[in-house]
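What follows is calculated from the coordinates using simple rules that are stated; it is not laboratory data. No experiment lies behind these values; they were computed from the predicted model shown. Note that each Cβ is placed from the backbone with ideal geometry, even for glycine, and that neighbours are counted across all protein chains shown.
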Amino acid sequence: MIRVTRVLVVFAAVVAALAAVVLAQAARPDARPAASASAQVPPPGPADAFSYRPEGRRDPFISLVSRGDDAKASAPRKEGLAGLSAGEVVLKGVMQSRGTYLAIVQVPDGKRPYIVRVNDRFADGVVKAITADSMLILQEVNDPLSLTKQREIRKSLRVVEEVK
């Protein structure tokens, strides 16, 4: 109770001091507030306006990630395996011929399958290995922000399910 009374007394003293300052300034008509002096500064003219000169700099609003795909989308695709990306193909089968494995891959349109050998090239990668149940593709990464320039993609015949 005593603390509340002390707080009210201090609050009343602060309010009285502020009221005295306001009344003193109102009594002097020639005194100008500090805010009106800054309000008289002229607005910036055309010479002071900011202008951006982009000579030799990239546009900061264009995504760096999607930039690598733009050039490939505008270029015509090659025929056969050279025109397919590693992410588009689906491994449908593996067969053995003369001691080496060959992979049978299907494209998204489903028109015809392709037979793939080791070291055959896709548009963005090369086949590194073919086993009895999978195919390993070394894909070239076209991402300017990535530290690695190649990654391995394993296409499998059977879907591998994780046991929880």
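For residue 92 and residue 65, a Förster radius of 35 Å and the Cβ-Cβ distance give a FRET efficiency of 0.65, rounded to the nearest 0.05.
Maximal additional length on extending the residue 23-residue 143 stretch stands at 36.3 nm, based on 0.36 nm per residue less the C-alpha distance.
A straight Cα-to-Cα reach below 27 Å connects residue 78 with the lysines 92, 111, 128, 149, 155, residues fewer than 8 places away in its own chain not being considered. Each peptide in 123-135, 50-62 was scored by the mean count of other Cβ atoms within 10 Å over its residues; highest first, the order is 123-135, 50-62.
Report the calculated FRET efficiency for residue 128 and residue 53 (r = Cβ-Cβ distance, R0 = 41 Å), to the nearest 0.05.
On the way: r = 48 Å, r/R0 = 1.17.
Efficiency computed from Cβ-Cβ geometry: 0.30.
Per-residue packing, averaged as other Cβ atoms within 10 Å, sorts the ranges 146-157, 85-96 into the order 85-96, 146-157, beginning with the highest. Computed across the range 82-156, the Kirkwood radius stands at 12.7 Å (inverse of mean 1/r, all Cα pairs). If we count every other residue with Cβ under 12 angstrom of residue 106's Cβ, Lys/Arg +1 and Asp/Glu -1, where does the sum land? Spelling it out: positives minus negatives among the neighbours equals +2.
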